[in-house]
Amino acid sequence: MYQVYMVVMEDDPVVSYKASRKGVMRGEEAQKYKEMATTKHDVFLESFLTVGSYKKLYSYTHLLNGFAVHANSEKAAKILSGAKGVRLVQEDIKMAKMTTYTPKYIGASGVWPLLGGAENSGDGIVIGMIDTGIDPKNPSFASFSNQSKQPPPNFKGMCRSGDRFPPDSCNGKIVGARWFARAGQATGEFNATIHYASPYDPDGHGSHTASTAAGNFHTPAISRGYNFGYASGMAPGARLAVYKAAYPFGGYMSDVIAAVDQAVEDGVDVISLSMAPSSVSPGPAAFLNLLETQLLLATKAGVSVVQAVGNGGPDASSVVSFSPWITSVAASTTDRKYNKTIVAGNGQIFSCGGLSPPTPGDTMYPLALADDVSTDNSTDGSNGCQDPKVFIRSLVQGKVIVCMIVSSNYYQGDNFAGIIDTIQKIGAAGVVIIDRYSGDVDYEYQPIFPTAVPSAMVVDGVDMMNLMEYYENNTARDGDGTVITFGATVRILEGRRASYSGERPEVADYSSRGPNIENSQMQLADVLKPNVMAPGHHIWGAWSPTSDALPEVQGESYAILSGTSMSTPHVAGVVALIKQRHPKWSPAMIMSAIMTTADVTDRSGRPLMARRDVGAVVAATPFDMGAGAINAARALDPGLVFDATYREYLQFLCAVPGVDEAAVRRAVGASCPTSRARWCSDLNAPSVTVASLVGSRRVDRKVWSVGAENETYMAYVRAPDGVAVRVSPDEFTVAPGETAALRIVLNTTAPGNAFSFGEVVLRGDKKHSVRIPLAVYPAAVLSGP
C-alpha cells in the first residue's frame, strides 16, 4: 500500500544555514543552496530505496530541510527513519477546511482613516492565503486605481498561470499564486478536470476567506440578481498571495507544508490558514507535529500565523490549533439579521428565515400543502418537494406551496436547492418550508442562500402548528381526503434587507472549545486556546461560480458561509493593519495587542455569551472566546505588549511534560536552552493558563510600553474561584520603549474539579487597558509540614 511520508533531514534549511553568518541567505546564494539541498534529497532517496518503489513529491528547503515521498510500503518509513542524517519521519495526515458588514462591527473601518483611508489600509502588506485557491475574476480582487502592478518590494513570489487562471490574474491585488496538490495526486483524489491544475478556486472557500481578509473596498455583493450590500475586506489595501493546498476533498499536510515553506520564502507578512489536521497527531506533544513546528519557524522568520481553532464545538477540548505561537481564532455571531415574515389570511404573522423576494403585490395567495397537490397522497407523496414530476400543474399554479423537510437530513436529501428548483419548474407563486417532525428548525439549517423564488422557512415549532392548523381549518376535503377547496391564503414579505440590532456577539455553537490539549491522550496544556474571537457566522464573501460545494449558490460570485474558516481571515486582515501601522512589531507583539484589547462585554457592560447545544446560551469563558471579541481600533494602540522570542518558545517546548530534549531536537532541529523554564506557563504570553495548580505557582511576565508617553498602570484582579491571585508590583510607571516586570502568584484556596476563570487588568492613566485572562484548575492545596 502506498503512503506519503514527510522526512526532515539534519541539514540546515535556507533560513538557518550556518555557513551564512550575515543573516538569512537571499537571492542567488539561496537559490544555489536550494538546488544543492534538492539534489541531496534525490541522491539520498536513490541510496536507500529501490528505484520505482517511491516518488518524491516535494523538497522542502526554506524553513525545513526535507522532503515528502510517496512510497509503496511501510518498510520505506522504517528504512528512512534509521538512515543517517534523518531527523524525523512523519506520516502524512489529512487536513480539513474549517468552513460585508463585519469591518465596522469589529472596528476595522474605524482605523482606516489613520492608515490613509480604506484603499490604503494594509498597503505594503502581503497576506498569504493557504486555502482552496482564488477566482481572479471576482470583483473583490480586481485591481484598483492606487494599486500599481508591482508587488511590495520585499515580496518575491510569482504567479503560476493555468486552467482558468490566465497570466493577467496577478493584477496588483493578487501578487502571487501557486498550487500544491502532489499528495492529492499521489492518492488519486486530485482530478485536474474538476479541481483545476492551477491556483483557480474550484471550491469557493479560498475566494471567500481571501475577500474577508483583503477584498477590495465597497464591492457590491450581488447574488441571485440582488445587491445585498457592499463588501470590504478587513485590510482592503493589502495584497494577496494565494497558495492553493486544499480541495473539495480536503487536503494533506505535506501539501500544506510545501505551501507554508513557499509562502515564507516568497516574503508574505501574514499567513491565514483556515484549515487544520482532522485529528490530533500521535506523539509526545501536539506542539511537535511537523506543521506546528514549521509554523514556529515561520514565526521566527517574522511571519504572523493565524489559524482556525476548529469547528468541533461546543464539545470541550475540541480545538485543532494548539501552539502558543499561532493566533487561533474562534467564531462568533454578528448583529446582522435578515427578517423574513409571512402574513396569513387570518391576520397571523409568522417570523421566518429566507433570503428571498416577496410574493408580487399586496395579493394574498392560496396556500397548498405539497402532499395535497401531488399525484401520490402517501405520507410523503411530494417527495420532499425534490421532484417536479409528482406535482399536478393545474393545482399548483399561483399557489404558495408548503414543503415539509426533515431538517436533520438537510445536507443529505431534503436540500433547499432542490426545493427551490422544483418550485420554479412547477410555476408556483412561492414556497413555505416547515419541519415534518420536530417543528423547530435548528438555526444551523435555516436558509441563508438567496433565492429568486419567494420562499420562507418557518423555524418555530409553535408557529408551524398554528400555520398548519389555519391551513386545515380552511381547507375543504371530500370523503377520500382529497382537497376540494384551498381556502387558506398567505403573503410572503421581502426578506433580503438586513437589519442591525446592536446585539452583542455570541460564540457560535460549532466553534471549537478549550481547554487546550498537549497530546492525543488529551492531557491538558498550560496554553490558552482559542486566543481571540471574530465574526464567523453567516459571513458574506466572494465565491467561485464553478463550485458545486453548495448547490444553492452555484453560478454565483458571492455567498454566505459560517465557520471558524470565516473568522480567521477577519483576524488576518487586522494583523495586516497592525503590521502596516507598526512594521517592527514581532508576531508575538501583534498577537498580544489583539488579545489584551479584546472585548469581553458589550457596549452596555454585559458579559459576552456562548451558544451551547440545543439553543442554550451561557456566559462565555476564555475556553469559548479566548481573550474576547477582537477590537481592531484598540489593537492598534494597546499601550503595553508581551513579546516572546524563538528561544523562549524552545524553553516552552522543553517544559512540556513528557517531552525530552531529543524529541525537541527531532522536531525543530535545536537543543533546549541552558536556562530552562520550569512550567509551560512561564512563557511570556498575554494570558495565564494553569491546567493543574497544586499549592502555588509563580508566573513572571514582562511587558513593553508601545505608548507615546510615560504611563502609570495599576493592576486590578478578578481571581478565579478557588484561587488567590497576587500581582506585584500592583502599580508601575513605564516610559515609551521601556519594559516592566510583573509577577503573578497563584495559590489554591479551595480545590475543585474544573477550571475557573478570572483576569488581571492593567489600567493606565492615559486610557490604555491591558487585560490578561486567567484560566486555572485549582487541583490541590499543599498541606504544611
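One table, with the values for the structure above:
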| read-out | value |
| --- | --- |
| Intensity falloff of the chain expressed as log10 I(q)/I(0), Debye formula with alpha-carbon point scatterers, at q = 0.06 Å⁻¹ | -0.40 |
| Calculated FRET efficiency for the pair Leu782/Lys425, C-beta based, R₀ 60 Å, to 0.05 | 0.20 |
| Gain on full stretching of the segment that runs from Ser769 to Ser671 - 0.36 nm per residue minus C-alpha separation | 31.5 nm |
| Peptides ranked, highest mean first, by Cβ atoms within 10 Å: ranges 559-568, 183-192 | 559-568, 183-192 |
| Cα-based reach from Lys702 at 17 Å (exclusive), listing lysines while leaving out same-chain residues under 8 positions away | none |
| Cβ-Cβ FRET estimate between Asp721 and Ala616, R0 fixed at 22 Å, reported to 0.05 | 0.55 |
| Of all accessible heavy-atom area on the chain, the percent that carbon and sulfur account for (1.4 Å) | 50 percent |
| Centre separation in Å (Cα based) which lies between region 232-278 and region 686-743 | 35 Å |
| Computed lengthening from Ser499 to Met158, 0.36 nm per intervening residue step minus Cα-Cα distance | 118.5 nm |
| Surrounding net charge for Val761, when Lys and Arg each add one and Asp and Glu each subtract one, Cβ distance under 10 Å | +2 |
| Long-range amide H partners of Val532 with built H, under 5 Å | Ser328, Ala330, Ala627 |
| Expected 222 nm ellipticity per residue - DSSP helices of 4 or more, -39500 (n - 2.57), all of the chain, to 500 | -6000 deg cm²/dmol |
| Gain on full stretching of the segment that runs from Arg393 to Ser604 - 0.36 nm per residue minus C-alpha separation | 70.4 nm |
| Segments 626-635, 312-321 sorted - mean Cβ within 10 Å per residue, highest first | 626-635, 312-321 |
| Cα-based shape type of region 567-686, given that a ≥ b ≥ c are square roots of the gyration tensor eigenvalues and the cut on a/c is 1.5 | oblate |
| Partners for Lys32 among aspartates and glutamates (Cα-Cα distance below 18 Å; same-chain residues under 8 apart left out) | Asp11, Asp12, Asp42, Asp261, Glu265, Asp266 |
| With all protein chains modelled, accessible area of Ile194 [1.4 Å, Å²] | 100 Å² |
| 1.4 Å probe accessible area per residue over the chain, in Å² | 37 Å² |
| Sequence-distant residues sharing a close amide H with Val86 (under 5 Å, placed H) | Glu10 |
| Theoretical FRET efficiency, 1/(1+(r/R0)^6), r = Cβ-Cβ of Asn466 and Thr38, R0 60 Å, to 0.05 | 0.30 |
| Cut-off 20 Å (backbone N to label point 7 Å along Cα→Cβ of Thr485), residues of region 446-476 | 468-476 |
| Neighbour net charge for Val89 - beta-carbon separation under 10 angstrom, K R +1, D E -1 | +2 |
| Considering only the chain, percent of DSSP beta bridges that pair antiparallel, nearest 5 | 65 percent |
| Relative packing of 77-88, 750-761, which averages over residues the other C-beta atoms within 10 Å, highest first | 750-761, 77-88 |
| Of all DSSP beta bridges in region 487-633, antiparallel share, percent nearest 5 | 75 percent |
| Inter-label distance, nm, simple model (7 Å from Cα along the C-beta direction), Glu10/Thr193 | 4.9 nm |
| Nitroxide proxy distance, nm - points 7 Å out along Cα→Cβ at Glu661 and Asn710 | 4.6 nm |
| Out-of-range pairs (alpha-carbon distance over 24 Å; input Lys173/Lys300; Lys55/Lys78; Lys337/Lys389; Lys55/Lys84; Lys137/Lys244; Lys40/Lys84) | Lys173/Lys300; Lys337/Lys389 |
| Cysteines (scope the chain) whose Cβ has no counterpart Cys Cβ under 4.7 Å | Cys352, Cys680 |
| Asp168 versus Ile222: modelled label distance in nm, points set 7 Å from Cα along the beta carbon direction | 2.0 nm |
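The values are calculated or read from the model by the stated rules, or taken from the named source; none is laboratory data. Here the structure is a predicted model, which is why all the values come from computation and not from measurement. Every residue, glycine as well, gets a Cβ built from its backbone with ideal geometry; the counts of neighbours run over all protein chains shown. Side chains are part of the model used for accessible areas, which takes the heavy atoms of the whole protein and leaves out ligands, DNA and RNA. Shrake-Rupley method; radii C 1.70, N 1.55, O 1.52, S 1.80 Å.
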